[in-house]
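Novice: A single structure is presented below for examination.
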Amino acid sequence: MLPRYRRSFYPRLALIAIVLVCILIFTKTINKSTDPPSESEGLSLSNAVVDVSLRKKWSPLERMVLADLAKQRPGLGDDGKSVILEGEEKVRGEAKLQTIALNEELSEHLSYNRTTPDARNPLCRTITFDRASLPTASVVIIFYNEPYSVLVRTVHSVLNTADRQVLKEIILVDDGSSNVELHEKLDYYLATRLPQDAVKTVRLKNRLGLIRARLAGARIARGEVLVFLDAHCECVVDWLEPLLARIQESRTSVLVPIIDVIDAKDFQYSANGYQHFQVGGFSWNGHFDWIDVPKRERERQRQDCKVPTEICPTYSPTMAGGLFAISRDYFWEIGSYDEQMDGWGGENLEMSFRIWQCGGTIETIPCSRVGHIFRDFHPYSFPDDRDTHGINTVRMALVWMDDYIELFYMNRPDLKNNVDVGDVTHRRILRNKLKCKNFDWYLKNIYPEKFIPTKDMIGYGRFVSLASDLCFDDLQQNNEEPYNLGLYTCQKSDVTKSQFFSLTRDGVLRNELSCATVQRSSSTPFLVVMAPCQANNKHNEKWEYFRGQLRHIDTGLCIEQKGLRSHDFVVVDVCEDDTLSQKWRIEH
Ligand code: LR7
Ligand code: MN
């Protein structure tokens, strides 16, 4: 029999061994930190590559990951600062910008953990959260052939800014990417460099489009709140908690952060001042656009909000679609998505109209800010070159817009009757089941500022000259910048979007985005300029329609087309009774 002291010695030895092993594992994990060693540690760009290739015992994947990390320069781009590359890197970066609308070269040099500026309203810093009682979140990030480093940075950014107490998981959904970097290398990186169980990956065998990719992510999510992000985002400190807190307070509120711009060229994070942010609108061609927060909404906030209006949830008629939070149960209850929507586009307005019409709200949460890389073009093509945005938008309009679909078709005559958009019966059944309100209600109550080109008009449609075959035409300049109103040979009325104008009962001559004004110069005739419509001072915007003449109230001059031809700009001149060249017929 062993002496007593010996018997107690062995367990102690085992304990010491266990502690040693733990320390070893711990230091190993610490070394797995993704920030590259600093220059002083000898990993400058040039010798790092040599260093990596010398260690043959590392697996090819490990070597790739290390080579990526070695490319990164500590501190570069921190605080969301812009970075300009030099020399060959600059050339490579510009080439990438041409091909994928994003400076991937630069992204590879920025730390995965680069910081973002705290762009929030300072009032946000005074708000505290009881994280233990907040609902948990599953962050779903979908991607199709996104640049590897950009996607990895998005994941890091979420992990760096969201408290693990509320962040249940990140779910990556690979929508059938063909870019091999996004396969084993990504899996390996996630498994070896990130906390265990933080990230789950779903891989779709084929590309199903972003709508079905989001659905695939939502199906496996276990958090109480679903938060969707595009695969090229960087988050600002405490962005997640205000979203969760608001959903806790109001289950049927669907929330968007303020979406800041990260420049695709130099990766500058632009926070644009915290006082001013915009909410979502739409245009009749079926696209999302940004609008200023309406006065009416500021009024509502002053009455309804418990916090200062600047940081109060702000109603938004629509949402951009990529970045939002929604209660998981509510997401399914309210009809998730139209799973027959393919590719890209349309799902954002579909969800926006559906949420509002069926009893929910869409709100911008000012204390939550996330940056998104806006690209000038899609770096990917669409299955069979189909206009998925157009087709999806027809599906949306058939279900949610009632007769207002005609205003969409007016902008997209190519889509009327010509395209197979599939069957929408099940979505109409959903609308009935949820007892949703109609689109007219939505326009009146949720977005009364939206200009309806056919409602309350003296006349609308083409403005046809009685002296020639010319019509008013925006000459394809339909945008928000001022431009000269033009003339062009009258087109068939079902393809006349650029010739569609309205004269409102208030005497405003306009199209969807701009109002007709007169630009004075030293002598008549003066040019007619289409400029952003003024809510308050409409003086220069007022017109009178009498006996075929269009008279500008402010100057007393009439629209005149004498001597003008197709492609010329419209002018006003001294009114003359009975001059045919001053007479206009309004189509409707
Ligand atoms: O076939 C595809 N499969 C995908 O998984 C095509 C794309 N995707 C992924 C893609 O990798 C990305 O992560 O889907 C995400 C969105 O695609 P983007 O980034 O090319 O789209 P976008 O940012 O140009 O477009 C906006 O509108 C889309 C309409 O379908 C989506 O709703 C996007 O999520 C949305 N993005 C935003 O709302 C971010 C703010 C931008 C604004 C305004
Ligand atoms: Mn995007």
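Read the figures in this text as sums done on the coordinates, not as results from a lab. Owing to the predicted nature of the structure, the values given are computational and were not obtained by experimental measurement. Glycine also receives a Cβ, built like all others from the backbone with ideal geometry; neighbour counts cover every protein chain displayed.
Novice: Which of the helices in the chain meet the span-like rule: DSSP H, Cα axial reach of 27 Å or more, Kyte-Doolittle mean at least 0.0?
Specialist: 4-31
Novice: Taking the Cα centre of the chain as origin, work out the dipole magnitude from +1 charges on Lys and Arg Cβ and -1 charges on Asp and Glu Cβ, in debye rounded to 20.
Specialist: 2500
Novice: Also, I was wondering about something else. Please give the peptides 572-580, 210-218, 62-70 ranked by average Cβ packing (other Cβ atoms within 10 Å per residue), highest first, as a rough proxy for protection.
Specialist: 210-218, 62-70, 572-580
Novice: In addition: Rank the residues 332, 543, 284 as a footprinting-exposure proxy: fewest other Cβ atoms within 10 Å of their Cβ go first.
Specialist: 332, 284, 543
Novice: Please list, in chain and number order, the residues 5+ apart from residue 282 or on another chain whose amide H is under 5 Å from its amide H, with Hs placed from the backbone.
Specialist: Distant-sequence amide H within range of residue 282: 289.
Novice: On to the next question. Going by amide H atoms built from the backbone, whose H comes under 5 Å of the H on residue 169, apart from near neighbours?
Specialist: Residues meeting the amide H criterion: 137, 139.
Novice: What is the Å³ per residue value for the convex hull set by the Cα atoms of the chain?
Specialist: Per-residue hull volume (Cα only) is 219 Å³.
Novice: Using the number of other C-beta atoms within 10 angstrom as an exposure proxy, rank 149, 521 with the fewest first.
Specialist: 521, 149
Novice: Using alpha-carbon positions, what is the distance between the centroids of segment 301-345 and segment 363-390, in Å?
Specialist: 16
Novice: Based on DSSP H runs of at least 4 residues, each adding -39500 (n - 2.57), what is the mean residue ellipticity at 222 nm of the chain after dividing by all its residues, to the nearest 500 deg cm²/dmol?
Specialist: -9000 deg cm²/dmol
Novice: Hey, another quick one. Near residue 205, which aspartates and glutamates are there with a Cα under 12 Å away, not counting those fewer than 8 places off in the same chain?
Specialist: Of all the aspartates and glutamates, those that pass the test against residue 205 - Cα under 12 Å, at least 8 places apart if same chain - are 174, 175.
Novice: Return the FRET efficiency for the residue pair residue 554, residue 444: r is the Cβ-Cβ distance, R0 is 35 Å, and the value is rounded to the nearest 0.05.
Specialist: 0.65
Novice: Restricting to bridges with both residues inside the chain, how much of the DSSP beta-bridge set is antiparallel, in percent to the nearest 5?
Specialist: Restricted to the chain, the bridges split so that about 65 percent are antiparallel.
Novice: Would you tally the net charge around residue 565, using a Cβ to Cβ cut-off of less than 14 Å, leaving residue 565 out, and scoring K and R as +1, D and E as -1?
Specialist: With Lys, Arg at +1 and Asp, Glu at -1, the neighbours total -3.
Novice: Suppose R0 equals 22 Å; then what is the FRET efficiency for residue 275 and residue 299 from their Cβ-Cβ distance, rounded to the nearest 0.05?
Specialist: Taking R0 as 22 Å, the efficiency between residue 275 and residue 299 is 0.80.
Novice: May I ask you to give the average projected area over all directions of the convex hull of the Cα atoms of segment 457-586, in nm² rounded to one decimal?
Specialist: 7.2
Novice: Where the convex hull is taken over the Cα atoms of segment 51-176, what is its projected area averaged over directions, in nm²?
Specialist: Taking a quarter of the hull surface, the average projection is 11.0 nm².
Novice: Quote the relative contact order of segment 457-586 in percent (integer), defining contacts as alpha-carbon pairs under 8 Å separated by 6+ residues.
Specialist: Averaging sequence separation for qualifying contacts and normalising by length gives 28 percent for segment 457-586.
Novice: Let me ask another. D for segment 58-129, whole µm²/s, Stokes-Einstein with Kirkwood Rh over alpha-carbon pairs at 4 °C and 1.567 mPa s: what number?
Specialist: 90
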